[in-house]
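Read through the structure below, which is laid out as structure tokens, and then see the notes.
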Amino acid sequence: MPPREAGAEAFVPATGGLSALSSAVQACRGCALHENATQAVFGEGSARARVLLVGEQPGDSEDVEGHPFVGPAGRTLDRAFRETGLRRDDVYLTNVVKHFKFTPAERGKRRIHKKPSAAEVRACTPWLTAELRLVRPELVVCLGATAAKALLGGSFLVTQHRGVLLDFPESFELGERGPDSVLATVHPSSVLRATDREAAYLDFRNDLRTAAEAVG
Ligand code: URA
Ligand code: SF4
């Protein structure tokens, strides 16, 4: 038996564009998360985006609909896009992990999101690397700790460095074709859980504005 998190590498096509990748991801067996999810949810947006935003993994709505950020977190993100001049069609929006991890819910309720393990994040990262190689954005925005740790290392703390433009790490092995910078902010779903939602939203929007101005 191969390990359950053998990784996506063997499933990522060596040639072809984003549409080849997004078809191939449906057959990925790089970790066990495909077993219970409805489908893989690949990144979407402009193949020539200057900004690529990375979330954690699809949520309940995304798993059913097959598109990234179409649920409650996506609506918060869309509001921030509107108010900072970013457009969904101009950016590229994806997740570190492409299959939904959840605990089954009682009948009729939304399934509860479970955080992907470090091994699952590692297993799925070849898809994100392939997206970065094809889109070649100038700036990557990490939405939340899972994305930030995947790109900037396990000890990176969003709370300490949010909203700050940082050099894109060489450790990600994209070489000269890699993005110039990376900016981490909170996950839009954390805005929805905050005690003072509006204040949390305004801080989030502020970080996205820094991103928008950086490529402005
Ligand atoms: N949360 C994420 O991180 N990504 C989505 O696509 C939806 C919710
Ligand atoms: Fe493959 Fe990622 Fe899905 Fe795991 S979560 S099966 S690595 S696409």
Please work out the C-alpha center-to-center distance from the stretch 20-89 to the stretch 171-216 and express it in whole Å.
16 Å
All-pairs Cα distance distribution in the stretch 8-214, expressed in whole percent, bin size 5 Å:
1, 8, 16, 21, 22, 17, 10, 4, 1, 0, 0
Alpha carbon Rg of the stretch 65-119, scaled by the compact-globule rule 2.2 N^0.38 Å:
1.38
Got a sec? Which residues in the stretch 191-206 would a label at residue 82 touch, if it sits 7 Å along Cα→Cβ and we count backbone N under 13 Å?
none
Qualifying aspartates and glutamates (Cα of each under 16 Å from Cα of residue 98; at least 8 residues distant if same chain)
5, 9, 35, 44, 56, 60, 62, 63, 65, 120, 131
Report D for the stretch 125-216 in µm² per second (integer): Stokes-Einstein, Kirkwood Rh on Cα pairs, 37 °C, 0.692 mPa s.
240 µm²/s
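Under 1.5 on a/c is rounded, so check that first for the stretch 46-159, then, if it is not, pick prolate when a/b is larger than b/c and oblate when it is not; a ≥ b ≥ c are the square roots of the alpha carbon gyration tensor eigenvalues. All intermediate terms of the calculation are to be shown ahead of the outcome.
On the way: a/c = 1.71, a/b = 1.22, b/c = 1.41.
Oblate, because a/c is 1.5 or more while a/b does not exceed b/c.
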What distance in nm separates the two pseudo spin-label positions at residue 177 and residue 105, each 7 Å out from Cα along the beta-carbon direction?
4.0 nm
Under the Debye formula (equal points on every Cα, no solvent term), log10 I(q)/I(0) of the stretch 1-109 at q = 0.15 Å⁻¹:
-0.69
Okay, helix-only estimate at 222 nm for the chain: each DSSP H run of n ≥ 4 adds -39500 (n - 2.57), divide by all residues, round to 500 deg cm²/dmol; what do you get?
-11000 deg cm²/dmol
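Rounded to the nearest 20 Debye, what is the dipole magnitude of the chain about its Cα centre when Lys and Arg each give +1 and Asp and Glu each give -1 at the C-beta?
Working: 27 positive and 27 negative charges, 110 e Å.
About 520 debye.
Values in this text are rule-based calculations from the coordinates and carry no lab data. As the structure is a prediction and not an experimental result, all values here were calculated from the model. Every residue, glycine as well, gets a Cβ built from its backbone with ideal geometry; the counts of neighbours run over all protein chains shown.
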